[in-house]
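Please treat every number below as a calculation from the coordinates, not as lab data. Please read all numbers here as calculations on a predicted model, not as lab measurements. Every residue, glycine among them, receives a Cβ derived from its backbone with ideal geometry; neighbour counts consider all protein chains shown.
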Amino acid sequence: MEKEENKPLSLPENACRELKEGEKYRPILSPEKSYPEVTVWSVTIGLVMTVIFSAAAAYLGLKVGQVFEAAIPIAILAVGLSGAFKKKGALGQNVIIQSIGACSGVIVAGAIFTLPAIYILGLDVNFTQMFLSSLLGGVLGILFLIPFRKYFVKEMHGKYPFPEATATTQVLVSGESGGKGARTLLISGLIGGLYDFAVATFGSWAETVTTAVTHWGAVVADKAKVLLKLNTGAAVLGLGYIIGLKYAFVICCGSFLVWLVIIPLMNLIWGGSVIDFMGTGITETIGEMSPDMIFKTYARHIGIGGIATAGIIGIIKSFGVIKSAVGLAVGEFGRKGSGKQENVERTDKDLSMKTVVFGIVITLLVIFAYFAFGGVVNNIWQALLGLLIVAVIAFLFTTVAANAIAIVGSNPVSGMTIMTLIITALVLVAAGLKGNTGMVAAMVIGGVVCTALSTAGGFITDLKIGYWIGTTPAKQETWKFLGVLVAAATVGGVMIILNKTYGFVGDNALVAPQANAMAAVIQPMMNGGNAPWLLYGIGAAIAILLTVFKVPALAFCLGMFIPIDLNLPLLVGGAISWFVSTRSKNSDVNAARQEKGTLIASGFIAGGALMGVVSAILKFANVDWYMTSWCEHYGEAIAIVPFALIIVYMICASMKIEKK
C-alpha cells in the first residue's frame, strides 16, 4: 500500500477516452477516502487569487477586449505556493483554490461585456447595480448548472475534449507528483510562455499572419474580399492539439464558409451598396469595407444566429436530460430526509436538489426585487418581464455555454448576450419601456444573463477538473458562491475606478470593444431601429441544415462567430494530434505519444496564459517595450519561422517515446 501511495500521480489511462462497456473511471483521489479540500489555506488563497485576477482581467478586458482565462495561472500559482509552504495533501486543496479563484475570469467576462455600455451610451450606473448584476447572475449560473453536472462530466465522459480542463488538470497533477510528466510540462510551459511573451511584450514577430502580407494577397483581399489569417501563438496551437482534429476541422469549416464564401459573395452581390440592417448609421458600401469590417458588421451576425439556433436544437435534443434533472428535484421533494445522497460516493455528491431549487427560487425573487425597486425598470409588470427573460434564457442556454466550453474551451457568451439584448429590447419596447431608461434596463438584464452564462460555462471546467482528480463536487459548488461574491464586489469597484481614471468615451479612453458592440445593438432598437433578422435567419438555416446532415452544428457555428485567425491554428494543432497518435502500428506507443503531446500542449496553454497575466501587468504599469517599427515591417514575414519551430518541437518531443 505504501509503495502504491509513493508512486508519481498521473491521470488514469481512460481519463480522456470513451469508456468501454462495463468500464468505470476511477479518479486519482479514491472515492472511498477523505482528503483535505476545504481548509483555511485553500479558501484564503482562493479568495486572494479572485481579487487579484478580477482586477487584472477587468483592466485587460476593457483595454483590449480579451479576458485571459484565470484558471490555469491560478492552478500554477496554487501548485507553487503549496510546494513552497510544504503543504501535505495539497491536490484536493489546489482544486478548491483554482475553483474559487477562477470566479474572477467568468464574472469579469459577464460584467465588462455589458455594463460599460451604459457609460458609453452617456448614461449612469452605480456600484450597487454593477455588484448585484454580477452577483445575481453568477449565483444563478452556478445553480442552473448543478443539475447538469453528472451529464456533462460523467455521462459524456470521453465524448468532449474539455481542452481547458485538460490543461489545468495536467498542471495540478504534474505539479503534485513531479517526475517526467512535470518536467515535460515545465519545459513546454517555458517554451510556450517565452514564445507568447516575446510576441505580446516585445513584438519580436507578428501575432497574426495574413495572406495580405504578399502583394497578390493584398490585391485579392481588397478586390475580392478573400482573406485568411493565422494566429501564431503557442497557447492557441496547444488548444487545437487538445481539441483534436475532428472538432478543429468542423470549427474551421465554419470559418471557411464565412471568410471564403459568404464575405466574398456579399461583396460580389452588394459591393456597391450601403446596407444598414440595424439603423446604426453605416455610410460605407460593402465594397469599401475590409474583409475584417464586413465580418464584424455583417457576417458575424450569421454566426450568432447559427449559435442561437444550434443551442435551441441542442436544448431540444437534451430534453431528456433536462426532464431527468427536473424529475430528480421533484422526486427529492417527495422524500423525507436526505435519502439518496447517503448512498452516493463522495466524488459524486452534489448539493441536494432541495438546496438548488430553493436557491434558484430565492435568487429569482431577489432579481425581481432588484429590477422592480432598484431603479432598473419603471413598474412591477416590466420587472416581471425582465425576470422571465433572465430565468428562461439563462436556464436554457446554460447547457449551450457548457457544451461550447466542453468542445472548444471558449464560451460564445458575447454572441448569446447580443441575442438576449435583442429579445430584451423587443419585449421592453412592447411593454412601453424605451429611450434611456429602456437602454439601462436592457443592459442590466443582459448583464445578469451574460454573467450567468459565463459562470455556468466556466464552472463546468472546474467540475470536470474535480471529476478527473476525485474531489467532492458539493464542496466545489458550495464555495464557488463565495468566490462569485468577492469577484462581483471587486469587478464593480474596479470598473468605477477605471471609468473615473480613463473613461469609456473620448480620447485615451478604454476601448471596451464588446460593450461598444452591445451599445451599438441596443441603442437603435430602443430608438425605433431594427435587428439584423435576415443575417440571423441565414445562420439559423445553416444550423438546421447541419443538424439534418449530422454535422456538429454548435462547433460549426462557433467557427462562423470566432475570428478565423483563432480557428486556423486549432486545425494545425488538431492535425499534429492526429499525426503523432497514428504513426506507429503499436497502439500503446500511439497512446503514449498522444498523452505526451497533451502534456506539451497543456504546457503551451499554461505558459501562454501565465505570460498573458505578466503582459497585462506590464501594460497596467505603462511599460512599453514593443518594437513597433520592427513588427510593422518584418513581423509577418518572420512569424512563420518560430511558429514552424514550435510545431516541429511539439511533433518531435511527442514522438520521442520508446517502444515497450
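For the chain, the longest piece that avoids every one of the GluC sites (Glu not before Pro) found in DSSP loops with at most 15 other C-beta atoms within 10 Å covers 346-657.
As a proxy for reagent exposure, ranking CYS652, CYS253, CYS16 by other Cβ atoms within 10 Å from fewest up yields CYS652, CYS253, CYS16.
Legend: ranking of residues HIS215, HIS157 from fewest to most surrounding C-beta atoms inside 10 Å; resulting order HIS215, HIS157. Report the calculated FRET efficiency for LEU545 and TYR502 (r = Cβ-Cβ distance, R0 = 35 Å), to the nearest 0.05. Efficiency, from the Cβ-Cβ distance: 0.20.
If the segment from SER34 to ASN126 were pulled out straight at 0.36 nm per residue, it would be longer than the present Cα-Cα gap by 28.6 nm. Between LEU396 and SER273, the distance separating the two model label sites (each 7 Å from Cα on the Cα→Cβ line) works out to 3.0 nm. Remark: spin-label model distance GLU21-PHE85 equals 5.0 nm, labels positioned 7 Å along the Cα→Cβ axis. Remark: for residue pairs LYS464/LYS596; LYS246/LYS323; LYS464/LYS550; LYS229/LYS317, the C-alpha separation exceeds 23 Å in LYS246/LYS323; LYS464/LYS550; LYS229/LYS317. Using the rule -39500 (n - 2.57) for each DSSP H run of four or more residues, divided by the residues of the chain, the 222 nm mean residue ellipticity is -23000 deg cm²/dmol. Compared with the alpha-carbon gap, the fully stretched path from PHE358 to TRP381 is longer by 5.9 nm at 0.36 nm per residue. Sorting VAL392, VAL521, VAL429, VAL572 by the number of Cβ atoms found within 10 Å of their own Cβ, with the fewest placed first, yields VAL392, VAL429, VAL572, VAL521. Listed by number, the DSSP H helices of the chain that run 30 Å or longer by alpha-carbon position along their axis and have mean Kyte hydropathy of at least 1.6 are 40-64, 380-408. Which parts of region 120-140 would a label at ALA369 reach, counting a residue when its backbone N lies under 19 Å from a point 7 Å out along Cα-to-Cβ? Answer for this model: 127-140. Full extension of the segment from SER324 to ASP588, taken as 0.36 nm per residue of separation minus the current Cα-Cα distance, would add 91.2 nm.
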